[in-house]
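Worksheet for the structure shown next.
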Amino acid sequence: MLVGIPLQSNNANIPKPKECAQEMSQFLVTVADKRCKRSFAEIFNYFAPRLRSYCLKQTGNEALAMELVQDTMSNVWQKAHLFNADKGSPSTWIFTIARNLRFDMLRKQQNRKEDICSDDLWPILCEHTADANEVTLEEQMTLQQINTMFESLPEKQKVVIEAIYIQGKSQQEVALELDIPLGTVKSRTRLALQRLKELIKDDD
Amino acid sequence: MINYHPTEEQLSEFAQGLSSPALALVISAHIDMCGKCQKHVARLESDSAKAVFEDQINIAANQPKEFASMLADITCLPVSESPSATPKESMIELDGRKFAVPRALKRYVDKTGNWSHLLGNLWQAPVDLGPIGKAHFIFMQKNGRVPEHTHRGTELTLVIDGEFSDGISHYDTGDFILMNSDNTHAPHSEASEGCLVFSIVDAPLHFTSGIARLLNPFSHLFF
Ligand SMILES: [Zn+2]
């Protein structure tokens, strides 16, 4: 049981914002320097009910509101030495602590209902095509999987495929660049795509 | 120079604690890199704090009896180490190069997996953020290129180091980019030092050309 720390029980004498900031700053300094429980109680009595009211309005959840008050005020007690009056008022400092804790709470709360279907960033989708061969969500491939297939191509085919499909060059440009006939570019492309097609089939 | 910032509305929601967790993380990392937004958000936070704490509320109704024991418990807690517990590792490394990450991302450095090398001079390393979205560090080497794509959800990107273009704009270190289904782009970097970005997507991308065409119905592949 707590002895000697009064809990404010009514809303008499609400201080003016400016005086309040100075007063609260002073309490924070005393908490930081002397671990003064009485000063902390003053801070707690002012901020805790307001934080609770704020969080209740945002979430409508009593347990969450209490958790946020507890976490925020614990931070204030444990990190009072990090408060810097030159950088802002006590209320701004305490508000940002609460706000950041709130973001952390949301982060943990967000459950996996909207889980992302692939383990990778870039699954390849063709779901908007009305084609019979369309790739379904289950059949998505990732760049990484394609990469593995691509790596298995003969070097000469790789060069052509990379130039056309990644750098977006035309077959004519590739022919000029590699100094080979256009027909060779076309046949290398065709062979490579046939090979990839087989690999993709095998992958199913 | 930073040219792309979150919108006024996004910053204001962030300051009030109303952003989604993924957006909050990327905005917070942008703010670490952008003095302009930092100042602006500090002012918005001060406004929000005033609104919350100077509000005339019914104190008695918000003073549950549990507060007494809560107060007692808190004052038994030890002081936190100072300065605040910063993670030991705050650089990410690729091929011998080290990159400093903004403060907000430091807690994720040791949740970053191994780099894998992809087609098109790209590297990616997954970052485990939990369920809020799929995050990666992506490195585009010089001439590195992500195939053109649009977005089924939201793609948030923060440029950590370097510059890149995507056919819409040119982006520099610190730039904040939000793309959705309205945008189609093809990020690539011409910078000799390449470009490192941090990216979160909440749904898979939809590729519109390039390498993705390899997977389009095969009958269309043959010219
Ligand atoms: Zn900014």
Within segment B:25-55, track down each residue that is outside any helix (DSSP H, G or I) and farther than 25 Å from B:LEU129 by Cβ.
B:GLU54, B:ASP55
Kindly list, by first and then second residue, each pair from a residue in segment B:174-186 that is farther than 25 Å from B:PRO102 by Cα and within 13 Å of chain A (Cβ to nearest Cβ) to a residue that is among the hydroxyl-bearing types (Ser, Thr, Tyr) and away from the ligand (no atom under 16 Å from the Cβ), limited to pairs with Cβ atoms under 7 Å and residues at least 6 apart or on different chains.
B:SER181/B:THR150; B:THR184/B:THR150; B:THR184/B:THR208
Here is a list of conditions, (1) open to solvent by less than 70 Å² (accessible area, probe 1.4 Å); (2) at pLDDT 95 or above, and B:LEU23 meets all of them except one; can you say which number that is?
(2)
Quick test of your reading of the structure: B:ALA61 fulfils all but one of (1) more than 13 Å from the ligand (Cβ to nearest atom); (2) under 20 Å from the mean Cα position of the chain (by Cα). Name the failing condition by number.
(2)
Might you let me know whether segment B:92-102 holds any residue that is within 16 Å of the ligand (Cβ to nearest atom) and surrounded by 14 or more Cβ atoms within 10 Å (Cβ to Cβ)?
yes
Near pairs, Cβ below 8 angstrom, 6+ apart or cross-chain, from segment B:1-12 (near the ligand (Cβ under 9 Å from one of its atoms)) to any residue that is open to solvent by 100 Å² or more (accessible area, probe 1.4 Å) and among the basic types (Lys, Arg)
B:ILE2/B:LYS36; B:HIS5/B:LYS36
I'd like the residue in segment B:13-24 that is facing another protein chain (nearest Cβ under 8 Å) and assigned to a helix (DSSP H, G or I) and, out of all such residues, is nearest to the ligand (Cβ to nearest atom).
B:ALA15
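Every residue, every condition in (1) touching a Cys at 6+ places or on another chain (Cβ under 6 Å); (2) in the same structural domain as B:ALA24 (by TED's automatic domain parsing); (3) open to solvent by 50 Å² or more (accessible area, probe 1.4 Å), yes or no:
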| position | (1), (2), (3) |
| --- | --- |
| B:SER116 | no, no, no |
| B:GLN124 | no, no, no |
| B:PHE137 | no, no, no |
| B:MET140 | yes, no, no |
| B:GLU148 | no, no, yes |
| B:ASP161 | no, no, yes |
Please tell me if B:SER48 is within 16 Å of the ligand (Cβ to nearest atom), surrounded by 11 or more Cβ atoms within 10 Å (Cβ to Cβ) and either at pLDDT below 95 or at the interface with chain A (Cβ under 8 Å from one of its Cβ atoms) (or both).
no
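The values are calculated or read from the model by the stated rules, or taken from the named source; none is laboratory data. None of these values were measured; they are calculated from a predicted model. Don't worry about glycine lacking a Cβ; one is built from the backbone with ideal geometry, like all the others, and counts go over all protein chains shown. Side chains included, ligands, DNA and RNA excluded: accessible areas come from the protein's heavy atoms. Shrake-Rupley method; radii C 1.70, N 1.55, O 1.52, S 1.80 Å.
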